[in-house]
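Report on the structure given below.
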Amino acid sequence: MDFVMPDFRLAAPELFVAGMSLVILMVTSFATTRARSAAFWLCELALLGALLLTLFSGDVQRSLTFSGMYMSDLFGSFLKILVCLSVAVVLQYGRAYMADRKIDSPEYYMMVLFAALGMMVLISASHFVSMYMGLELMSLSLYGLVAIDRDNPRSTEAGMKYFVLGALASGLLLYGMSMLYGATGTLEIHEIAQRIYERSANDLVVVFGLVFVLVGIAFKLGVVPFHMWVPDVYHGAPTAVTLLVASAPKLAAFAMAFRVLVLGLFDLAEHWQSMLMLLAMASIILGNLAAVAQTNIKRMLAFSGISHMGFMLLGLLSGVVKGEGGTYAVNAYSSAMFYAVAYVMMTLAAFGMVILLSRAGFDAENVDDFKGLNQRSPWFASMMLIVMFSMAGIPFFVGFFAKLSVLQAVIAAGNISNQPHYYWLAVVAVMMSVVGAFYYLRVVKVMYFDDATDQSPIVATLGMRTLLSANALSIAVVGLLPNWLMQICAFTLLH
Amino acid sequence: MTGVPYLSLAIWVPIVGGLLALTAGSDRNAPVARLIALVTALAGFFVTLPLYAGFDTTTASMQFVERAPWVTRFSIEYYLGVDGISMPFILLNSFITIIVVIAGWEVIDRKVAQYNSGFLIMSGLLNGIFSSLDGILFYVFFEASLIPLYLIIGIWGGPNRVYAAIKFFLYTLLGSLLMLVAILWLFMEAGGSFDILAWHNLKIGMTAQSLIFFAFLASFAVKVPMWPVHTWLPDAHVEAPTGGSVVLAAIALKLGAYGFLRFSLPIVPDAAHQYAPLILSLSLIAVVYIGFVALVQADMKKLVAYSSISHMGFVTLGFFMFNAVAIEGALVQMISHGFVSSAMFLCIGVLYDRVHSRQIADYGGVVNTMPKFAAFFLLFAMANAGLPATSGFVGEFMVVLGAVKFNFWVAFIAATTLILGAAYTLWMYKRVVFGEVANEHVKALADINRREFFFLAVLAACVLVMGVYPQPVTEVMHASVNGLLQHVAVSKL
């Protein structure tokens, strides 16, 4: 086998982040006094640099390098830009929070950056090995981050739980990958698609492999019945880490689901669509019902996140009908992608608000901590109002258009295939949205209708205030003008 | 589209003004917020006047049309236009907004900026609902209008406001989400278009028509509200502040009825004909049964709330008899109810501001201390009961007239509302206003001040003018109602 020099230019963003994390490692080990501030800014610089590199280095054409392990395309570039952006936002939101709790050690910044690198590799992977590598890099960093507040038993317990269940899921994923390898003789996603296309798709081993791979993906997305870790991890981790776990990895997991299922196992769509249907239904129903019972806002957002992921799957599962893809498939997948992007925007703002209300020695955790926010700060109350109504899917906010496009995809699938169960899927989904609206409304209720019990003023840096406001306002702005973002999602999928 | 985009102005002037009023911030700047609100409300009303002045009464087609792409990905358009059915409601809404701002002038002293802003934004959204010709645009305004009303009820409402606000929100959301599914289905059927007017010409099979009819019914019936999904309304009304009740009764209830005319009847006419007996029965139950329920209420606001349900039963009754007199009568009834019920709620608000009780039993002999108020209250009570020469009579009479053409027994049952309405309204009036001065509170009452006199007088003028000379209102409806009826008469199977 000839050695072919890989095209480093295509992988420049990942290489840059990897290099920068080593720089940070060096800087923080020598410069101890100002290490934290330096680490923070270097991290932001690394993410900004990666963002710019992604913007300017990638090809419009899909191209492979590193012997087919690494893929550069618009879809990946767009998601990587979003990952960089959201991790940068996470760092900014969490900065004062971590410092107040004295857990902003250099390792925190290191691991956040490694997690970001993992996500980027995962997004760019076109090969099971690189995919697994990215996934593990991301997951291991996240396990560590969840347990970073190591004197706090809840944090360590959450880390442990996450690790054990995550390792199990990784194992299942590997098992599935090995089955697919056994059946097709390759680990490269495009090759797998080609081999499955050539032989009959009903091969039992392939379907078995699919099931295990799907379990791994479902675990990372946190959908029912592989959701058990979600509420505990969200609840136990320091809020700044919860913010990270809840946001950018969902984009990476979406990319992985798309690459494996749509690009790799397209011919098995009939199988995985019906599996996803069950997962989506269970997530939407259980997520929404369980969220109603929560008094802890982090747990509530965890369950709401489960239901949102269910909604996203609705888009993913309505792409192929009667064995045909075509424009409807692009439509459906771009709606799922739009949903994932919208969800990340909303989650960042929601947990950002939770962090905003926390201060040294006090963690805002309960829905009741939002009591009377309208008296304490009308501005941030209205920001949270936007986020909550957006999550509930009320116009004019981005959450509405996310739900709309997903439902449209489901109904389109029902209309084309003439199968009424798609309609029932849509009806159940909207019914559960009403249940969902209840707990979002409750947050609005405590903010606006109740009197404040905690009168302390809201302390936050100017950067935090501006960024959080911009984040929440962007939800309203994209809600008013959603077209461009939808077009980008569709465009990147087409190429 | 030519000239000034009046419809856009009618929508966005109040919304921008509402956001502007928010900047007044804390209650220290309350006068500023009130002033901004009043100026905006007046401006919002003036931009709607050209809609009436420039309205062409000879055509049933849409006027003042504005059309621009909004979300091209799903070919959602920013598509506005009005016909004779929707135009009067835009004027009514903008007019009521002024009244609401004035009515809350001194009464609301807490979070003034947010209060006024809420009403202004809602006013803009409601105008949006009446002028949207794109399915999603309609839905967006329809849903978004829940947010301000939810906050208004929840923040400034009575003791049980939280329960009422959440109940109101979830009830209406449940209905409208089913409508969303139907809208998406129509989008697919129409080959990727959310154009409501294009849906009017769509051929749809009977099963699909029935399903769509019920999906829309779920949304509109809750909004109207029809028996038996009316239970949110008394709660919301009782707990809402006066302004909230006024907007709820005058405008929000009309949305459901308007929806029937814009969606249900023209899009699925066969299903509408098929299920007309069902709607008629529900309407008659609302008219008669809810009338009796109103009779036994001890709370004035609840009584007027039930009377609203009963009156709205009349409206849906008029729609589903498919004749021009009845539909026009129902539309007149809607506008008249907009004036009368707002006036009734404002009257109760006047009493409540002084005594802080809505219980009929806490009053008695109010006429002795508030003679001017008693006179106004009497006029509105009479209008609510449907006395000739008030606006309340015109609509009811036309609907009953249409009903006689349709079926004698329907007309007979419907006509009992004239008796029931008189019974519950006048009995309440008697207990509150006449008799000896009942207690210390009533003794200490001061008659209405100039501000209150002003808004009651304006509404009284509206009620009387519409009662004596309804021509200007019915005239603009003729062409559109006839156009609608011709459309509904053609089967789409």
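A few remarks follow.
- Selection within region B:129-163 - under 16 Å from A:GLY399 (Cα atoms), of a type in the set (A, V, I, L, M, F, W, C) and more than 16 Å from the chain's Cα centre (by Cα): B:ILE136, B:LEU137, B:VAL140, B:ALA144, B:ILE147
- Selection status of B:ILE90, in contact with a Lys or Arg (Cβ under 8 Å, 6 or more places away or on another chain) and away from chain A (no Cβ under 11 Å): no
- Helices (runs of 4 or more DSSP H) within region A:145-222 that include 3 or more residues modelled with pLDDT of 85 or more and under 22 Å from the mean Cα position of the chain (by Cα): A:153-184, A:204-221
Yes/no per residue for (1) assigned to a loop (DSSP other than H, G, I, E, B); (2) buried (at least 22 other Cβ atoms within 10 Å of the Cβ):
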| residue | (1), (2) |
| --- | --- |
| B:ALA182 | no, yes |
| B:SER193 | yes, no |
| B:LYS203 | yes, no |
| B:SER210 | no, no |
| B:ALA215 | no, yes |
| B:HIS230 | yes, yes |
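- Residues within region B:187-203 that are in contact with a Leu (Cβ under 8 Å, 6 or more places away or on another chain) and more than 10 Å from every other protein chain (Cβ to nearest Cβ), tallied: 8
- The helices (runs of 4 or more DSSP H) falling completely within region B:240-334 that include 2 or more residues that are touching a His at 6+ places or on another chain (Cβ under 6 Å) map to B:300-319.
- Every residue from region B:37-46 that is among the β-branched types (Val, Ile, Thr) and buried (at least 23 other Cβ atoms within 10 Å of the Cβ): B:THR40
- Being modelled with pLDDT of 85 or more, within 28 Å of A:GLY76 (Cβ to Cβ) and more than 8 Å from chain B (Cβ to nearest Cβ) holds for only one residue in A:SER469, A:SER474, and it is A:SER474.
- Criterion (buried (at least 19 other Cβ atoms within 10 Å of the Cβ) and closer than 30 Å to A:GLN408 by Cβ) met by exactly one of A:ALA364, A:ALA332: A:ALA332
- Out of A:MET110, A:MET26, A:MET5, sole residue that is without any contact (Cβ under 8 Å) to a residue 24 or more places away in the chain, part of a helix (DSSP H, G or I) and not polar (S, T, N, Q): A:MET26
- Given (1) aliphatic (A, V, I, L, M); (2) farther than 22 Å from B:LEU170 by Cα; (3) within 11 Å of chain B (Cβ to nearest Cβ), number of the condition A:MET432 does not satisfy: (2)
The rows are residues; the columns are (1) closer than 19 Å to B:ALA479 by Cα; (2) buried (at least 22 other Cβ atoms within 10 Å of the Cβ); (3) charged (D, E, K, R).
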| residue | (1), (2), (3) |
| --- | --- |
| B:PHE64 | yes, yes, no |
| B:VAL71 | no, yes, no |
| B:TYR78 | no, no, no |
| B:SER94 | no, yes, no |
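- In region A:415-429, the residues that are at negative phi and either more than 8 Å from every other protein chain (Cβ to nearest Cβ) or β-branched (Val, Ile, Thr) (or both): A:ILE416, A:SER417, A:GLN419, A:PRO420, A:HIS421, A:TYR422, A:TRP424, A:LEU425, A:VAL427, A:VAL428, A:ALA429
- Failed item in (1) more than 17 Å from B:VAL340 (Cβ to Cβ); (2) touching a helix residue (DSSP H, G or I) at 6+ places or on another chain (Cβ under 7 Å); (3) surrounded by 13 or more Cβ atoms within 10 Å (Cβ to Cβ), with B:SER480 passing the rest: (2)
- Out of A:SER124, A:SER67, A:SER57, sole residue that is modelled with pLDDT of 85 or more and either surrounded by fewer than 22 Cβ atoms within 10 Å (Cβ to Cβ) or of a type in the set (S, T, N, Q) (or both): A:SER124
- Filtered by the rule that a residue be among the aromatic types (Phe, Trp, Tyr) and more than 7 Å from chain A (Cβ to nearest Cβ), region B:161-186 gives B:TYR163, B:PHE168, B:TYR171.
- Subset of region A:389-425 that is outside any helix (DSSP H, G or I) and under 22 Å from the mean Cα position of the chain (by Cα) - its residue that is nearest to B:PHE141 (Cα to Cα): A:ILE394
- Note on region A:382-403: residues that are among the small types (Gly, Ala, Ser) and either more than 10 Å from every other protein chain (Cβ to nearest Cβ) or in contact with an Asp or Glu (Cβ under 6 Å, 6 or more places away or on another chain) (or both) total 3.
- Test result for B:TYR79, within 14 Å of another protein chain (Cβ to nearest Cβ) and not β-branched (Val, Ile, Thr): no
- Residue list for region B:416-453, filter: small (Gly, Ala, Ser) and surrounded by 18 or more Cβ atoms within 10 Å (Cβ to Cβ): B:GLY421
- In region A:384-401, the residues that are in contact (Cβ under 8 Å) with a residue 40 or more places away in the chain reach residues that are of a type in the set (Asp, Glu) with C-beta atoms within less than 7 angstrom, at least six apart or across chains, in these pairs: A:ILE394/B:GLU143; A:PRO395/B:GLU143.
- Pairs are defined by a Cβ separation below 8 Å, a sequence spacing of at least 6 or placement on different chains, a first member in region B:459-487 that is in a helix (DSSP H, G or I), and a second member that is hydroxyl-bearing (Ser, Thr, Tyr) and surrounded by fewer than 16 Cβ atoms within 10 Å (Cβ to Cβ); the pairs so defined are B:GLU475/B:THR57; B:VAL476/B:TYR52; B:VAL476/B:THR57; B:HIS478/B:THR57; B:ALA479/B:THR57; B:ALA479/B:THR58; B:ALA479/B:THR59; B:GLY483/B:SER61.
- Test: residue in region A:51-73 that is among the β-branched types (Val, Ile, Thr), more than 16 Å from A:ALA125 (Cα to Cα) and part of a helix (DSSP H, G or I): no
The values are calculated or read from the model by the stated rules, or taken from the named source; none is laboratory data. The structure displayed is predicted, hence computed values, not measured ones. Here Cβ is always computed from backbone atoms with ideal geometry, including for glycine, and neighbour counts include all displayed protein chains.
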